[in-house]
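Asker: Before I ask anything, let me first share the structure, which is written out below as C-alpha cells.
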Amino acid sequence: QVQLVESGGGLVQPGGSLRLSCAASGSIASLMSMGWYRQAPGKQRELVAFITSDGSTNYADSVKDRFTISRDNAKNTVFLQMNSLQREDTAAYYCHAVVQRVGVLYASPYWGQGTQVTVSS
C-alpha cells in the first residue's frame, strides 16, 4: 500500500506563513503528480496546487504569487510554502499523489489524512 503523511499545519495570523510537507511511503514504483487540495467547512474540496514528476506546476488563481509547491523526488516528499496567508485560506489541507505501485501496471490516486490550517488573529 501507499501512505501519505502530512505535517506543518497550525494557527497563523493573517499575513503570516506556513510550510506544509507530505511524505509518501510504501511500495512505490513511480510517484507521478503530487499536489495539495483544501476543503473549508461547508465548501467543496478544491485544488490548491500540483506538481508533476518533471517539476511542472499549476496553481489555483486564489493562491498564485502567494503559495509555492515543490518536491524532493529523492525523499518522495512534496511541500507547500504558503505566504501572505489570508483568513480565506483557512481549511483542511489534503495531500494528493498519483502513484504507480510496485508490480502494478497502472497508477492510482492516494490521499493524505489532512492537516488543518487556520488563519486568524
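The values are calculated or read from the model by the stated rules, or taken from the named source; none is laboratory data. Computed from a prediction, not measured in an experiment: that's the story for all the values here. Quick reminder, even Gly has a Cβ in these numbers, built from the backbone with ideal geometry, and neighbours come from all protein chains shown. To get the accessible areas, we keep the full protein, side chains included, count just its heavy atoms, and leave off ligands, DNA and RNA. Shrake-Rupley method; radii C 1.70, N 1.55, O 1.52, S 1.80 Å.
Asker: Give me the percent relative contact order of the stretch 40-96, please, defined on Cα pairs under 8 angstrom at least 6 residues apart.
Answerer: 27
Asker: Taking a probe of 1.4 Å, how large is the accessible area per residue of the chain, in Å²?
Answerer: 53
Asker: Using amide H atoms built 1.01 Å from N in the peptide plane, name the residues 5+ places from R71, or on other chains, whose amide H lies under 5 Å from its own.
Answerer: F79
Asker: Assigning unit charges at the beta carbon (Lys, Arg +1; Asp, Glu -1) and nothing else, what dipole magnitude in debye, to the nearest 20, does the chain show about its Cα centre?
Answerer: 140
Asker: Residue by residue through the stretch 20-31, which ³J(HN,Hα) values in whole Hz follow from phi under the Karplus form 6.51 cos²θ - 1.76 cosθ + 1.60 (θ = phi - 60°), with glycine and proline marked x?
Answerer: 9, 10, 9, 10, 9, 9, x, 7, 9, 8, 8, 9
Asker: Moving to a separate point now. For V63, list long-range residues whose amide hydrogen, built 1.01 Å from N in the peptide plane, is under 5 Å from its own amide hydrogen.
Answerer: none
Asker: Over the chain, calculate the relative contact order: mean separation of alpha carbon pairs under 8 Å at least 6 apart, over the residue count, as a percent.
Answerer: 36
Asker: Quick one: what are the phi-derived ³J(HN,Hα) couplings along the stretch 76-83, Karplus 6.51/-1.76/1.60 with θ = phi - 60°, whole Hz, x for glycine and proline?
Answerer: Those phi angles translate into 6, 10, 10, 10, 9, 8, 10, 10 Hz.
Asker: Counting only DSSP beta bridges with both residues in the chain, tell me the antiparallel percent, nearest 5.
Answerer: 95
Asker: Pop a pseudo-label 7 angstrom from the Cα along the beta-carbon direction at both L47 and W111 and give the gap in nm to one decimal.
Answerer: Going by the 7 Å Cα→Cβ label model, 1.6 nm.
Asker: With θ taken as phi - 60° and the coefficients 6.51, -1.76 and 1.60, list the Karplus ³J(HN,Hα) couplings across the stretch 57-64 in order, rounded to whole Hz; mark glycine and proline as x.
Answerer: Going residue by residue, I get 10, 8, 10, 5, 4, 5, 10, 4 Hz, with x marking Gly and Pro.
Asker: Regarding the stretch 1-105, what whole-number volume in Å³ per residue does the convex hull of its Cα atoms give? Intermediate values should be presented prior to the final figure.
Answerer: Details: hull volume 11.0 nm³, N = 105.
Considering the Cα atoms of the stretch 1-105, their hull volume per residue is 105 Å³.
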